[in-house]
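Below you'll find the structure, written out as structure tokens, and then a few comments.
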Number of protein chains: 2
Amino acid sequence: MMDTMTFSALAEPTRLRMVEILKDGPMSVGDIAERLALRQPQASKHLRVLLEAGLVEVEAAANRRNYRLRTEPLEAMDTWLEAYRKLWNERFDNLDDYLRQLQSEDK
Amino acid sequence: MMDTMTFSALAEPTRLRMVEILKDGPMSVGDIAERLALRQPQASKHLRVLLEAGLVEVEAAANRRNYRLRTEPLEAMDTWLEAYRKLWNERFDNLDDYLRQLQSEDK
DNA sequence: CAGGAATATTCCTGTCAAGGAATATTGTTA
DNA sequence: TAACAATATTCCTTGACAGGAATATTCCTG
């Protein structure tokens with residue numbers, strides 16, 4: 001059963017952008033805030049939500065806290081999607097069948 | 001750019017369950033409500049959100065309205081995930097490399 | 001057209017999330 | 001330890017959203 005907390009966390013545009021930025025590697029709070037034109041407190045608050053959703057982890061480095069993307073929730077999404085992929089693949093298959101049928105009628 | 005409306009719609013547990021139920025085929029409002037032990041108005045309201053998010057479509061059939069899952073938003077999620085899949089595949093690759101290394105050291 | 005079944009909408013209320021501003025905390029360095 | 005940089009937290013206000021109850025709408029059938 002898919003955890004809705006992942007969806008809640010990603011439903012907020014700023015947090016989705018955070019995830020996309022962190023795809024390229026860990027980053028400090030300040031850098032994230034600057035990159036997204038956020039005030040630092042808002043950045044911290046959003047990162048907290050991502051942290052509680054398990055979408056990021058944090059590592060203290062000197063004065064800074066580097067946030068790194070965690071892939072587990074995304075893997076879970078991927079697994080959840082698995083059951084739905086065949087729904088649109090079926091359509092392709094049907095289209096495929098249809099095209100084959102047309103082709104054989106052409107002969 | 002991934003549409004956050006999809007995530008918002010799926011962030012609500014009842015709506016997620018609706019999507020999962022509709023995976024097996026279209027269903028009327030009443031049947032959905034019964035299946036999820038919801039009152040009819042709540043079912044209609046949640047279906048409206050799913051409709052506006054493009055996650056379902058509706059077809060009138062006599063007195064009933066049958067809701068059917070639309071896969072486009074899910075396909076978009078799948079596409080969005082594509083950029084992240086390599087993140088956990090890389091790990092597997094690294095583990096794979098590591099295991100190969102161990103094995104060759106064993107020789 | 002009346003009546004009834006299925007569905008949608010409205011109104012109300014309580015809860016929760018988000019931004020702004022201020023402040024607290026933690027860690028570093030002189 | 002004092003001062004400073006980086007980050008976290010709190011308080012406040014506002015707006016969105018969910019459930020409950022009542023009602024409106026739509027469509028079919030006699």
- Item | Inter-label distance, nm, simple model (7 Å from Cα along the C-beta direction), residue A:88/residue A:76 | 2.3
- Note on the structure: Once residue A:40 and residue A:58 are pulled to full extension, the length gained, defined as 0.36 nm per residue separation minus their Cα-Cα distance, is 4.9 nm
- Cβ-defined net charge surrounding residue A:22, 12 Å radius [Lys, Arg +1; Asp, Glu -1]: +2
- Task: Specify which residue in the list A:67, A:43, A:9 is farthest towards the positive end of the charge dipole of the stretch A:1-80, using unit charges on the beta carbon of Lys, Arg (+1) and Asp, Glu (-1), about the Cα centre.
- Result: A:43
- Task: Using only the Cα atoms of the protein assembly as shown, construct the convex hull and provide its projected area averaged over every direction, in square nanometres to one decimal.
- Result: 19.9
- Task: Any chance you could give the angle, 0 to 90 degrees and rounded to 10, that helix A:13-22 forms with the longest Cα principal axis of chain A?
- Result: 90
- Item | Within the stretch B:34-67, trypsin sites (Lys or Arg not before Pro) in DSSP loop having at most 16 other beta-carbon neighbours inside 10 Å | B:39
- Task: Write down the accessible area per residue of chain B in Å², having rolled a 1.4 Å probe over the full set of protein chains.
- Result: 61
- Item | Backbone HN-Hα couplings from phi across the stretch B:57-68 [Karplus 6.51/-1.76/1.60, Hz, Gly and Pro as x] | 10, 10, 10, 6, 9, 6, 6, 9, 10, 9, 9, 10
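Counting helices only, and only those DSSP H runs with n ≥ 4, report the 222 nm mean residue ellipticity of chain A as the sum of -39,500 (n - 2.57) divided by its residues, in deg cm²/dmol to the nearest 500.
Working: 5 runs with 73 residues, N = 107.
Calculated mean residue ellipticity at 222 nm is -22000 deg cm²/dmol.
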- Item | Spread of Cα-to-Cα distances over 10 Å intervals beginning at zero, given as percent, for chain B | 14, 35, 19, 13, 10, 7, 2, 0
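The values are calculated or read from the model by the stated rules, or taken from the named source; none is laboratory data. None of these values were measured; they are calculated from a predicted model. Neighbour counts are summed over all protein chains in view; Cβ atoms, including those assigned to glycine, are modelled from backbone coordinates with ideal geometry. With ligands, DNA and RNA removed, areas are computed over all heavy atoms of the protein, side chains included. Shrake-Rupley method; radii C 1.70, N 1.55, O 1.52, S 1.80 Å.
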